[in-house]
Each structure stands twice: as C-alpha cells, then as structure tokens.
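Heads up, the thing below is written out as structure tokens.
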Amino acid sequence: STMRERETTDPLHSSTDLSEGKLRLKQEVGLISGVSLIAGTMIGSGIFMSPEWVLHHMGNPASSLLIWAACGLLATFGALSYAELGTIIKESGGEYIYILRIFGSFPAFLFAYTSVILVRPAGLAAVCLSFAEYAIAPFYPGCSSPQVAIKCTAAACILILTIINCLNVRLATSVMNIFTAAKLLALLVIVVGGLVLLAKGQTQSFQNGFQGTTAGIGAVGVAFYQGLWSYDGWNNLNYVTEELKKPEVTLPRALMIAIPLVTCLYLLVNVSYLAAMTPSELLSSGAVAVTWGDKVLGSWAWLISLSVALSTFGSSNGTFFSGGRVCYIAAREGHMPDILSMAHVRCLTPSPALLFTSAMSLIMITSGSFTSIVNFFSFMAWLFYGMTISGLLYLKIKKPELPRSYKVPIIIPIIVLMAAVYLVLAPIIDQPQVEILYIVLFIFSGIIFYFPLVRFKYHPRFLERVTLHLQLLLEVAPTTKDAN
C-alpha cells in the first residue's frame, strides 16, 4: 500500500487514554442527531432559491415538479447504496474512504485534494452567502443589500460555526437538532399555506401543466443540478460513520427516515409556491420564499426571511461538521499534512481540519455567484458519486462474501450510476463550457503533489518544524485509528 499505515485503535470511541499516547474522538451521534444531520444539511438555501431555476430550465410547473420528485428518488437510491457501503467499510470519510479502500491511494488522493480545497469549501460558501443575503435583507428594505455587507455576514457565519464545531461535538449536534426543528416548522407553515390556497381554488398554475416543456438533455441536466443542490447532504452521515452510536443500525435507519421526509416536504413546498404565484411571477422572483410570504402572510412575511436565515445557518453547520471530517480522515491516511489529522486534547474535536476548511471557505466567499457555484459543485460531486457507486457494484459482484448488515438490491446502484454518468456528460455534450475543462485540469493537477509527497514520501524538514509549532499552538495531538 502507498498510504501511510498507523497502528492504533478506533479513533472515534468516547474515551481518552493519554497515558498510552492515545487520543480518541467521541461517539456522540445517535439516531435523532443522525436524522437531523441529514435533513438539517439537505434543507438549506436550495428549497428557497432553486425552484425558480428548475422551472426556468424545464419550462413549466408540471415538469419541474417531476424533476423535484426524480431528484428525491435519486437521492434516496444514492443514500441506500451508501448505507450498504457504510456497513461494509465502517470508517468515516464518505466517498474518500470508500474510493481509498476499493480503488487505492491515487484516485482517493485526487478526491481528497479536490474536495478539501474546492468542493466542500465552495458548498459551504454558497450556503453561507445565502444565509447572509436573507439575514441582512430586513435592514435594507426596498433595495438590494450591499455585497460587502453580505460577504462580511457570510464570513461571520463561518467563524461562528468554526467556534461551535471546535468546542464540542455535542454542542454542534445540539445546534443541528434545534435548527432542524425550526426549519421543519417553517416548511410546514409554507405547506399549510399552500394547501389553504389550493382549497380556495387557486390552481391556475397547474392548468396545461406540461405545455412548453424543455426537451434538451443539457437543460434537463442543469435543472437536475439545481434540484439536486437542494438535496445535497443525503450522504453526510457517511462522513461521520465512526462517530455514530451503533452505525450498522443508525446509518440505514436515519437515511430511510430523513430523505423521504425531505422529498415529501420539497414537493409540497413547490406546490405551495405555484399555488401562490403564477409561473411568470415565480421566475421573476429573486427570493421565492420571501415573495410567497409577501403574498400569503402579509404583515407576518418577515417570519419567512427569519426562517430562511435559520435554515441556511443550520445547513451550514451540517456541511461544516461533515466537511471537516473529510479533511481530517484524509490527513489521518497520509494524504494531507499531519497537523490536519490531529484533535484537540481537551475538546476532542478535529480542530485543525475544521480551521483549514473554514479558511478555504472564507477564500471562496470572495468570488463566484450562487448559480455558478451550484453548477460547479454539482458537476464535481456527481463525478465522484459515480466513482463511489461503481465501487459498490464491484464489491457486490466480486466480493459478495464481505460481511454487511444491510444489502441494497443491485438495480438501485445501477440506476444511480447511470444517473451520475448522465449528469456529468449531459451538460458537456449539450453546451460545452470552458469551465468544465478548468475543473478537470484542477482535479488532475493533484498529480503534481501526489507523487513526491504521498507516493515517494518526500517530507521537507521545515514542514516537520511547522507541524510541531502548530501542534503546540493549537493544543492538538495525533489521534488513534482502528487498524482493521
């Protein structure tokens, strides 16, 4: 094996033994926290911002609703496939650890390099920018908020999340639970409001629902990108498998509760939007949920802005919680600097990895629009989702004897793999963009770092001194890991 081996015990059990030089993170995530992590991350800015873009690319309400339903089904199929992977490979790290164990060190490094530097920080930056836009909107009535104010608020959001997640795992999961409950309540308000409007006969948006449907494969692919952005987070529990209580039970059970729940809510919320607005009104709305609130709630419309801000903050917390773990696990396997694999000696959190993720996200905030970040993020994500699902198919066909507490029918990962191939290729075939070439070049630029630093283990002396000083400054120590 080209990756560095570390002889230790499971790093994520709830105890410490500093007398033996061992430091472990805690198993703090139960079923409720697991459902909150998935649903809380999925329900972020997407359902409040993406509906107009899905409708724009599909051309009519009925086909846009079909896209939302198909996205939910695809997320469910993907999550069920990941649940089997999580019961075979009981380690944190999500796609990274699965690619590493199945395909080896080189593709896993390319994933970690791309995810840690670009994909995760870009996703977190997009959600925090959405939070900032809704949070400060009440202070600038009748005009658009200044970009400086939006970016400063987004940066403050990231710094607060960094403090919360570095202090305590239980504090971070408590924040997730509270904000998930708040955002579910907000979505229920929109759902009930929509049902009342439908009962009053406001169904004009659904008449001739399929008229003018877009047929281009590229447009449908981009519509899927926008819809799937709202479902992103369905795989987040796999990033913290080692921190789950009874992962073989908690992982599949939490997935089967959270994702169908979110799918039903998304469909009902979209129906509510279309009941309150005509398709043209929805398309011209800069913030769909706020427009809905103005039309339905009147003087209480400010509740929607508050709810969206709470929702996006909670989603940011979930994205940050799981994203920091990818960096931490990759460093633990020797694919990132050693300092990122360490944990705080008292708080027992992977604080260096969280601080690095925070720094990269702050850089991302300075550039890029919401839509461009979403399309960029989705292309990269589904490229690696496809690779991970193909790994599951390999294990099911070549190594059926591996012990697993949960099995998904083989047709489900096949459908997910076909969808991933479509989502990666459709925009390229229909409307080739030079940005896609830049993304591919960035992924393979990881070769420059892989061979000297990982393959041939060249470690400059000055990096060791820097690691030592950072270790003393941050009060962190190496963590232990299950050798199996």
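Among the residues of the range 42-63, those identified as open to solvent by less than 10 Å² (accessible area, probe 1.4 Å) and either small (Gly, Ala, Ser) or closer than 25 Å to TYR98 by Cβ (or both) are MET42, GLY44, SER45, GLY46, SER50, SER63. If you go through the range 73-99 and keep only what is open to solvent by less than 10 Å² (accessible area, probe 1.4 Å) and among the aliphatic types (A, V, I, L, M), you end up with ALA75, ALA79, ALA83, LEU85, ILE97, ILE99. For the range 319-364, a residue qualifies if it is assigned to a helix (DSSP H, G or I) and of a type in the set (Gly, Ala, Ser), and the qualifying residues are SER322, GLY323, GLY324, ALA330, ALA331, SER341, SER351, ALA353, SER358, ALA359, SER361. Looking across the range 407-416, the residues that are assigned to a helix (DSSP H, G or I) and surrounded by fewer than 21 Cβ atoms within 10 Å (Cβ to Cβ) come down to ILE411, ILE412, ILE414, ILE415. Scanning the range 136-152 for residues that are among the aliphatic types (A, V, I, L, M) and open to solvent by 30 Å² or more (accessible area, probe 1.4 Å) yields a total of 2. Within the range 226-256, the set of residues being aliphatic (A, V, I, L, M), assigned to a helix (DSSP H, G or I) and surrounded by 24 or more Cβ atoms within 10 Å (Cβ to Cβ) comprises LEU228, LEU237, VAL240, LEU251, ALA254, LEU255. Looking only at residues of the range 417-448 that are modelled with pLDDT of 90 or more and open to solvent by 70 Å² or more (accessible area, probe 1.4 Å), we find that the one that is nearest to ALA79 (Cα to Cα) is MET418.
Within the range 449-471, the set of residues being outside any helix (DSSP H, G or I), touching a helix residue (DSSP H, G or I) at 6+ places or on another chain (Cβ under 8 Å) and either buried (at least 17 other Cβ atoms within 10 Å of the Cβ) or modelled with pLDDT of 80 or more (or both) comprises TYR458 only. In the condition set (1) crowded, with 19+ Cβ neighbours inside 10 Å; (2) touching a residue at least 40 places away in the same chain (Cβ under 8 Å), LEU167 is compliant with all but (1). With respect to ILE47, is the statement that it is of a type in the set (A, V, I, L, M), part of a helix (DSSP H, G or I), within 26 Å of SER174 (Cα to Cα) and modelled with pLDDT under 85 true? Taking the combined requirement at face value, the residue satisfies it.
Of all the listed residues (PHE131, PHE103), the sole one being touching a residue at least 24 places away in the same chain (Cβ under 8 Å) and closer than 27 Å to PRO146 by Cβ is PHE131. Which numbered condition in (1) in contact with a Phe, Trp or Tyr (Cβ under 8 Å, 6 or more places away or on another chain); (2) under 26 Å from CYS166 (Cβ atoms) is the only one that LEU474 fails? If we test LEU474 against (1) in contact with a Phe, Trp or Tyr (Cβ under 8 Å, 6 or more places away or on another chain); (2) under 26 Å from CYS166 (Cβ atoms), just (1) comes out false. Of all residues in the range 264-279, those that are open to solvent by 20 Å² or more (accessible area, probe 1.4 Å) and either in contact with a Ser or Thr (Cβ under 7 Å, 6 or more places away or on another chain) or closer than 14 Å to PRO51 by Cα (or both) total 5. Of the set (1) touching a Gly at 6+ places or on another chain (Cβ under 8 Å); (2) more than 30 Å from PRO138 (Cα to Cα); (3) surrounded by fewer than 24 Cβ atoms within 10 Å (Cβ to Cβ), all apply to ARG346 but (1). Here LEU129, LEU159 are screened, and the one residue that is touching a helix residue (DSSP H, G or I) at 6+ places or on another chain (Cβ under 8 Å) and buried (at least 21 other Cβ atoms within 10 Å of the Cβ) is LEU129. I'd like the residue in the range 280-308 that is open to solvent by less than 10 Å² (accessible area, probe 1.4 Å) and assigned to a helix (DSSP H, G or I) and, out of all such residues, is farthest from ILE190 (Cα to Cα). In this case the residue turns out to be LEU282. Among the residues of the range 358-375, those that are open to solvent by less than 10 Å² (accessible area, probe 1.4 Å) and either more than 16 Å from the chain's Cα centre (by Cα) or modelled with pLDDT of 85 or more (or both) comprise SER358, SER361, ILE365. Entry remark, the range 18-41: residues being open to solvent by 10 Å² or more (accessible area, probe 1.4 Å) and either of a type in the set (A, V, I, L, M, F, W, C) or modelled with pLDDT under 80 (or both) number 13 in total.
The values are calculated or read from the model by the stated rules, or taken from the named source; none is laboratory data. Fair warning: this is a prediction, and the values are worked out from it, not measured in the lab. As a convention, Cβ positions derive from the backbone with ideal geometry for all residues, glycine included, and neighbour counts pool all protein chains shown. For the accessible areas, the whole protein counts, side chains as well, though only heavy atoms, and no ligand, DNA or RNA atoms are used. Shrake-Rupley method; radii C 1.70, N 1.55, O 1.52, S 1.80 Å.
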